[in-house]
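Below is one structure; the comments refer to it alone.
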Amino acid sequence: QVQLVESGGGMVQAGGSLTLSCAASGIIFKTSDAGWYRQGSENRREFVARIGSGGITDYGDSVKGRFTISRDNAKNTVYLQMSSLETEDTADYYCVVFNRGQPLWGKGTLVTVSS
């Protein structure tokens, strides 16, 4: 069964850290690009980070220097390490894996940053 399962969301105080995980199954993960998007109160999906199959990374301007994306191909998992969290980072975070070029989305995990 092809699916992505996110975990690691929760509530954290501003300035804190959190790590999200996204485990993929049913696809050839190691040759797939992967990334994270988020959707906050403005209800628009915002690019957060992306990691290519070769490990090259890219970040949205609002998270550069604070978030780190990584992957473990042996575990079919992509991670998002978030630090120096701000209240503006509160959102549903969605994992995406490009399976043969087609986006496969997870169901999301909620991150709430309190002041």
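What the table below lists for this structure:
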read-out: Candidates G52, G40, G101 - the one that is at pLDDT below 95 and either aromatic (F, W, Y) or over 28 Å from S115 (Cβ atoms) (or both); value: G101
read-out: Boolean, S83 is under 11 Å from the mean Cα position of the chain (by Cα) and of a type in the set (S, T, N, Q); value: no
read-out: Set S84, S70, S41: member being out of contact with any helix residue (DSSP H, G or I) (no Cβ under 8 Å at 6 or more places or on another chain) and either part of a strand (DSSP E or B) or crowded, with 18+ Cβ neighbours inside 10 Å (or both); value: S70
read-out: Some residue of segment 10-28 being surrounded by fewer than 16 Cβ atoms within 10 Å (Cβ to Cβ), touching a helix residue (DSSP H, G or I) at 6+ places or on another chain (Cβ under 6 Å) and without any contact (Cβ under 8 Å) to a residue 60 or more places away in the chain; value: no
read-out: Test: residue in segment 73-81 that is under 14 Å from V113 (Cα atoms) and either open to solvent by less than 40 Å² (accessible area, probe 1.4 Å) or in contact with a Lys or Arg (Cβ under 6 Å, 6 or more places away or on another chain) (or both); value: no
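The values are calculated or read from the model by the stated rules, or taken from the named source; none is laboratory data. The structure presented is a predicted model; accordingly, all values stated were derived computationally and were not measured. With ideal geometry, Cβ positions are generated from the backbone for all residues, glycine too; neighbour counts draw on all protein chains shown. Areas reflect the complete protein model, heavy atoms only, side chains present, ligands, DNA and RNA absent. Shrake-Rupley method; radii C 1.70, N 1.55, O 1.52, S 1.80 Å.
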